[in-house]
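S.K.: Take a look at the following structure, please.
The values are calculated or read from the model by the stated rules, or taken from the named source; none is laboratory data. Please read all numbers here as calculations on a predicted model, not as lab measurements. Counting neighbours? That spans all protein chains shown, and the Cβs are built from the backbone with ideal geometry, glycine included. All accessible areas refer to the heavy atoms of the entire protein, side chains included, with ligands and DNA or RNA removed. Shrake-Rupley method; radii C 1.70, N 1.55, O 1.52, S 1.80 Å.
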Amino acid sequence: LLLACRDKIFQTILHSQLIITPGTAAFNAWVETPIPVYTKFYFFDMLNPSELFHNHEKPILEEKGPYTFREVEKKVNLVWHDDGTVSYKRVKFWYFERDKSVGPLTDVVTTINVPVVGSAEFVRGDFFLEWGISDMLSTIQATIFVKRTVGELLFEGYADTIMEIADSLNEDEDDFDFDEEEQEKVKMDKFGWFYQRNGTNWSDGDLVMHTGK
């Protein structure tokens, strides 16, 4: 009888700590990253962009990396629901770890100009849009390759005319959305793979999960 009671008590305590609810061990481990998590970024530096573009030579690439960041994740805006679920947003912070990286964030990389290539790919197959984008790219003297620092390519972002035009168009559309619920507006006037994502919660949207109850 004592053994049976002990097992039941153990299971009850274990189950109570596995539920995602304030005060449990599972909640404390879930609401904020309890152990260090590292993300490593690598880049391929284009060594012969001019020869590739003008003479159609094979690209010569040099790998650069890792550039290591310690990632911290926090759950915010928690809302508990009667159906045993919780809704929330995720805030992520990335902290550069120089001693675990091959170089500083000021290292320079020659790489594809994503806004230019992306806009051309987006209109592929539509004659009028292709003509319009081609004319715009010619007017702003856009280039297929850019030389930027690692920091700019990741989180800082770099100024780009296409991104500025797209961001201004989005702002114009927002001015006419009078009936739309007010939402957090994220200015995307620069390009970077993680631009405007460090320390913000917009990128993952609203999330919902079961708590185990």
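S.K.: Among the residues of segment 38-69, which ones are open to solvent by less than 60 Å² (accessible area, probe 1.4 Å) and either touching a strand residue (DSSP E or B) at 6+ places or on another chain (Cβ under 6 Å) or at pLDDT 95 or above (or both)?
M.R.: Passing the criteria: THR39, PHE41, PHE43, ASP45, MET46, PRO49, LYS64, GLY65, PRO66, TYR67, THR68, PHE69.
S.K.: Which one of VAL146, VAL108, VAL114 is modelled with pLDDT of 70 or more, open to solvent by 20 Å² or more (accessible area, probe 1.4 Å), closer than 18 Å to ASP189 by Cα and not acidic (Asp, Glu)?
M.R.: Matching residue, one of VAL146, VAL108, VAL114: VAL114.
S.K.: Which of the residues that make up segment 153-185 are of a type in the set (A, V, I, L, M, F, W, C) and at pLDDT below 75?
M.R.: If the condition is that a residue be of a type in the set (A, V, I, L, M, F, W, C) and at pLDDT below 75, then ILE165, ALA166, LEU169, PHE176, PHE178 are the ones that fit.
S.K.: Then there's this: Just to be sure before I move on: is ASP204 within 30 Å of GLY103 (Cα to Cα) and either modelled with pLDDT under 70 or surrounded by 15 or more Cβ atoms within 10 Å (Cβ to Cβ) (or both) in the structure I sent?
M.R.: No.
S.K.: Counting only residues that are at pLDDT below 85 and touching a Phe, Trp or Tyr at 6+ places or on another chain (Cβ under 8 Å), which one in segment 186-200 is surrounded by the fewest Cβ atoms within 10 Å (Cβ to Cβ)?
M.R.: VAL186
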